[in-house]
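Okay, structure first, notes after.
The values are calculated or read from the model by the stated rules, or taken from the named source; none is laboratory data. Note that the coordinates shown come from a computational prediction; the quantities given were computed from them, not determined experimentally. We place every Cβ from the backbone using ideal geometry, glycine too, and count neighbours over all the protein chains shown. Heads up: the accessible areas ignore ligands, DNA and RNA and are worked out on the full protein's heavy atoms, side chains in. Shrake-Rupley method; radii C 1.70, N 1.55, O 1.52, S 1.80 Å.
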Amino acid sequence: MIAETKDEMRDKIVDAALKRFSNYTASKTTMNEIADDLHCSKASLYYYFSDKKSLHFAVLERIGEFFISEQEAEADKDLPAASILTNLLEIKRQFVLRYCRLEMFKILNDNSAETIRAMTIMKERELAMMTRVMEKGVAAGDFKIKNTSEMATLYSQAIEGLRFSALDCFNPKLEIEPEEVEKVIDKQRLLTEIFVKGIK
């Protein structure tokens, strides 16, 4: 048998944790259960991750990369900018519904330096992506915008703000219910329609 590299073993642990967390949530999953799934000792897990929280963060980093990469690929398609904005919301909808049991807010709300760093990078990529979409709309003559970066920021902030206004952000839960996801996405679709009409 070929010995696994450290990176390969780490990836296997993250894969196993993602599967467990998606089915049972992170809070209801133990490191012992993940070790059993991998047929290894719990000590092996702690060699790669200091605790379950750090493993949880690694899982969220993994799916976060999948999410932003899929959005970036959609943004670069040869489609009308307005259609891309709508498609990006559908990608978000499918992503959140698929991973709604991962207790994302439990980690993302902890305000640790590591979380802030990861979220800053993600937001920078999202803003760059949205700016490209706005530029595409201007180039096609569909959007009348003077400052595409500013408009991309405004749109992103408005979309994000709807998530907080539609849900009880003062009492955040560790899980997001599917009906709550649909409620937010419906409002974001409506906002996008109004936004696009306003910049044509």
Checklist entry - Looking only at the stretch 11-26, which residues are assigned to a helix (DSSP H, G or I), touching a residue at least 40 places away in the same chain (Cβ under 8 Å) and not β-branched (Val, Ile, Thr)? => result Ala17, Leu18, Phe21, Ser22, Asn23, Tyr24
Checklist entry - Which residue pairs have Cβ atoms closer than 8 Å, lie 6 or more positions apart in sequence or on different chains, and pair a first residue in the stretch 55-83 that is closer than 13 Å to Phe21 by Cβ and open to solvent by 20 Å² or more (accessible area, probe 1.4 Å) with a second residue that is assigned to a helix (DSSP H, G or I) and modelled with pLDDT of 95 or more? => result Arg62/Val14; Arg62/Leu18
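Being in contact with a Leu (Cβ under 8 Å, 6 or more places away or on another chain) and open to solvent by less than 70 Å² (accessible area, probe 1.4 Å): is that true of Val184 here?
On the way: in contact with a Leu (Cβ under 8 Å, 6 or more places away or on another chain): yes; open to solvent by less than 70 Å² (accessible area, probe 1.4 Å): yes.
Spelling it out, Val184 is indeed in contact with a Leu (Cβ under 8 Å, 6 or more places away or on another chain) and open to solvent by less than 70 Å² (accessible area, probe 1.4 Å).
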Next on the checklist: For the structure I just gave you, tell me whether Glu124 is of a type in the set (D, E, K, R) and loosely packed, with under 13 Cβ neighbours inside 10 Å.
Outcome noted: yes
Checklist entry - For the stretch 69-188, which fully contained helices (runs of 4 or more DSSP H) count at least 3 residues that are more than 30 Å from Asp15 (Cα to Cα) and within 17 Å of the chain's Cα centre (by Cα)? => result 148-166
Item to check | Qualifying positions in the stretch 38-51 - open to solvent by less than 70 Å² (accessible area, probe 1.4 Å), in contact with a helix residue (DSSP H, G or I) (Cβ under 6 Å, 6 or more places away or on another chain) and assigned to a helix (DSSP H, G or I) | outcome: Leu38, Leu45, Tyr48
Next on the checklist: Tally up the residues in the stretch 31-43 that are without any contact (Cβ under 8 Å) to a residue 24 or more places away in the chain and either of a type in the set (Gly, Ala, Ser) or closer than 13 Å to Met9 by Cβ (or both), please.
Outcome noted: 6
Checklist outcome for this item: Quick count over the stretch 84-96, residues being buried (at least 16 other Cβ atoms within 10 Å of the Cβ) and farther than 21 Å from Thr153 by Cβ, is 3
Item to check | Which numbered condition Glu179 misses (of (1) open to solvent by 80 Å² or more (accessible area, probe 1.4 Å); (2) in contact with a helix residue (DSSP H, G or I) (Cβ under 7 Å, 6 or more places away or on another chain)) | outcome: (2)
Checklist entry - Do we find that Leu162 is modelled with pLDDT of 90 or more and closer than 16 Å to Leu85 by Cα in this structure? => result no
